[in-house]
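Worksheet: one structure, shown below.
The values are calculated or read from the model by the stated rules, or taken from the named source; none is laboratory data. All values reported here derive from a predicted model rather than from experimental measurement. When we count neighbours, we look across all protein chains shown, and the Cβ atoms used for this are built from the backbone with ideal geometry, even at glycine.
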Amino acid sequence: MKIEVRDVPPRAAWALEQAGVHPLLARLFAARGVASADELDEGLARLLPPAGLKGAQAAAALLADAIAAGQRLCIVADYDCDGATACAVGIRGLRLLGAPHVQYLVPDRVIDGYGLTPPIAGRVAARGADVLITVDNGIASIDGVAAARAAGMQVLVTDHHLPGSELPTADVIVNPNQPGCGFASKSLAGVGVMFYVLLALRAELRARGAFDNAGQPKLDALLPLVALGTVADVVRLDANNRRLVAQGLRRIRAGQLPAGLAALFSVAARDARRATTFDFGFALGPRINAAGRLADMTLGIELLLTDDAARADELARTLDGINRERREIEGGMREQAMQIAEGLFDPDDEPPAAMSVFDPGFHEGVVGIVAARLKDRLHRPAFVFAASSAPGRGHELKGSGRSIAGFHLRDALDLVAKRHPGVLLKFGGHAMAAGCTIAEDQFGTFEQALRQVATEWLDEATLTRRLATDGPLPPEYRRADVADTLLHEVWGQGFAPPVFSEEVEVLSQRLVGEKHLALKLRHQGQPMDGIWFGRTEPLPARVTLAFRLEADEWQGIRRVRLLVEGMARPDDAAIQSAR
């Protein structure tokens, strides 16, 4: 691993500090591209206006007409946390704005696959819906949208995924990434797009005289769900997304959150009054995602829709149980996948440029998670396959891949498809994550073809793991209150949480729980505790570590420790600068 230090533009850091930003935060924000305090303004008034989102006003007019006519609306959701929160935001928001008939349908990951398909459109039509609304999907559903319109329904597509060469023939499309959309935040999650449609709809209804400014429904109650879905979908936290997340966190910390979220915080043993983005990403999001992976996302959506505390507690406990099962399945699969992967190369050699693994016992609901773990462990693009459990598809494998910086996974699959026609039955995705379906007897061909593309595209520099850090931690900030201040901020994809790096002396080290390394360190002349989760190999007496500052409580006493994220390779003469 190469540890790199982010550049800190001195003028930006100085300007932020002069504007009253905490000196350490000023340095961290400047290193992440923040040039002025205005960019840190979390006020709702600073949100980008809905009018700039292509299709939002047309969607508002379509929905306002439907509400006035008493039509039946049906939301077709996706089966991940973003899709579930987008569905819940859509239903709650439309009801707040006067829609008399709103229902939803969420596809089954195994039976239906992803997106709006013709069979799903048929099921929505059979329910008597007049308007079909997609959330977090639909931009690639050419056939499904055509089938819905042929069945006599109007179709509103709300999505954030990248469109293909052909757009669906929906009545309206709202997607910041569609051609011709000048919306500045291209990183809106699916739940963010739906929230913006509701903002536009409220403005349209206000213009039609349905209510005035003073009496209009309060949509800010939806922001906790918007924040959760945005962080859980790992979209880039640009300034607009950070405002949405900050506003949601503010309400959660004040106790203004739906019963379902409160129940999730409880079963996860997290304190909603001190909610953080880490809670969204590592505690709440995974529990909702588990429903879509192993069961039915209806459980997750119902949890987010209920206002009954007892019902919420029951559903949250069910999701917690499903998540425990998911972790058990994932743990076994991860170990097996690592054994398979490590068997593909000599222990003394570097891993091949890309890894593909399959075992008949793998569960298709967690192949993406295991691929991510494999990618993180080996720093290689990784695909994990499982046998399809869809009826009549037992001879097919469904794979999910995760990539490293510098290797566009979807483009790689496209090249594999061109070089080996017929191997990929279906594929799609983005630079860092993609999925595909292949025949089981074509696995060997796929494995070699992907490895060949990776060998051609990747060089030694790209295949070297790099960790961007914020350099040394000044000793005056080695305090619990500073750790709390850092944790309180909005961090996530594209706005990474602070990780510091510097050389420390290892005074002692011991294994705890058989798989974690507890450390006694000397940091800038002072003794400090440290912990490296998942590390069992001993460290040298002096080592350059990358670490986060963490505050914990032991026997009623608040203390700080260093949470180790990695260490520099022994042959690295110096910490590199990240330009």
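What the table shows:
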item	result
Residue among Ala496, Ala546, Ala551, Ala480 that is buried (at least 19 other Cβ atoms within 10 Å of the Cβ), closer than 26 Å to Gly281 by Cβ and in contact (Cβ under 8 Å) with a residue 12 or more places away in the chain	Ala546
Scope the range 265-292; condition in a helix (DSSP H, G or I) and either without any contact (Cβ under 8 Å) to a residue 12 or more places away in the chain or under 11 Å from Cys81 (Cβ atoms) (or both); matching residues	Phe280, Gly281, Phe282, Leu284, Gly285, Pro286, Arg287, Ile288, Asn289, Ala290, Ala291, Gly292
For Gly33: the one exception among (1) at pLDDT 95 or above; (2) closer than 20 Å to Ala496 by Cβ; (3) surrounded by 16 or more Cβ atoms within 10 Å (Cβ to Cβ)	(3)
Residue count for the range 325-363, restricted to those that are assigned to a loop (DSSP other than H, G, I, E, B), of a type in the set (Phe, Trp, Tyr) and in contact (Cβ under 8 Å) with a residue 24 or more places away in the chain	1
Output for the range 110-137, where each listed residue is buried (at least 23 other Cβ atoms within 10 Å of the Cβ) and either touching an Asp or Glu at 6+ places or on another chain (Cβ under 9 Å) or polar (S, T, N, Q) (or both)	Gly115, Leu116, Ile120, Ala121, Val131, Thr134, Val135, Asp136, Asn137
Criterion violated by Leu237 - all others in (1) part of a loop (DSSP other than H, G, I, E, B); (2) surrounded by fewer than 23 Cβ atoms within 10 Å (Cβ to Cβ) satisfied	(2)
Any hit, the range 21-38, residues being assigned by TED's automatic domain parsing to the domain that holds Asp171, among the charged types (D, E, K, R) and either outside any strand (DSSP E or B) or closer than 24 Å to Leu264 by Cα (or both)	no
Single residue of the range 94-104 satisfying the filter (assigned to a loop (DSSP other than H, G, I, E, B) and in contact (Cβ under 8 Å) with a residue 40 or more places away in the chain) that is surrounded by the fewest Cβ atoms within 10 Å (Cβ to Cβ)	Gly98
Residue match in the range 462-474 (condition: without any contact (Cβ under 8 Å) to a residue 24 or more places away in the chain and either farther than 30 Å from Ile111 by Cβ or not aliphatic (A, V, I, L, M) (or both))	no
Pairs where the first residue, in the range 216-227, is at negative phi and the second is of a type in the set (Lys, Arg), C-beta under 7 Å, 6+ apart	Gln216/Arg202; Gln216/Arg206; Pro217/Arg202; Leu219/Arg202; Leu222/Arg92; Leu223/Arg251; Pro224/Arg251
Count of residues meeting criterion [touching an Asp or Glu at 6+ places or on another chain (Cβ under 8 Å) and among the aliphatic types (A, V, I, L, M)] in the range 27-57	3
Residue within the range 105-113 that is part of a strand (DSSP E or B) and not aromatic (Phe, Trp, Tyr) present	yes
Flag for Val366 being buried (at least 16 other Cβ atoms within 10 Å of the Cβ), in contact (Cβ under 8 Å) with a residue 40 or more places away in the chain and closer than 30 Å to Ala263 by Cα	yes
Residues (surrounded by 22 or more Cβ atoms within 10 Å (Cβ to Cβ), of a type outside the set (A, V, I, L, M, F, W, C) and not in a helix (DSSP H, G or I)) located in the range 186-234	Asp233
Flag for Ala254 being in the same structural domain as Leu97 (by TED's automatic domain parsing), surrounded by fewer than 21 Cβ atoms within 10 Å (Cβ to Cβ) and touching a helix residue (DSSP H, G or I) at 6+ places or on another chain (Cβ under 9 Å)	no
Enumeration of residues in the range 512-541 that are among the aliphatic types (A, V, I, L, M), closer than 17 Å to Met567 by Cβ and part of a strand (DSSP E or B)	Leu517, Ala518, Leu519, Leu521, Met528, Ile531
Which numbered condition Glu447 fails, given (1) farther than 30 Å from Arg569 by Cβ; (2) touching a strand residue (DSSP E or B) at 6+ places or on another chain (Cβ under 7 Å); (3) among the charged types (D, E, K, R)	(1)
Residue that is buried (at least 19 other Cβ atoms within 10 Å of the Cβ), among the aliphatic types (A, V, I, L, M) and not assigned by TED's automatic domain parsing to the domain that holds His379, where the choices are Leu511, Leu486	Leu486
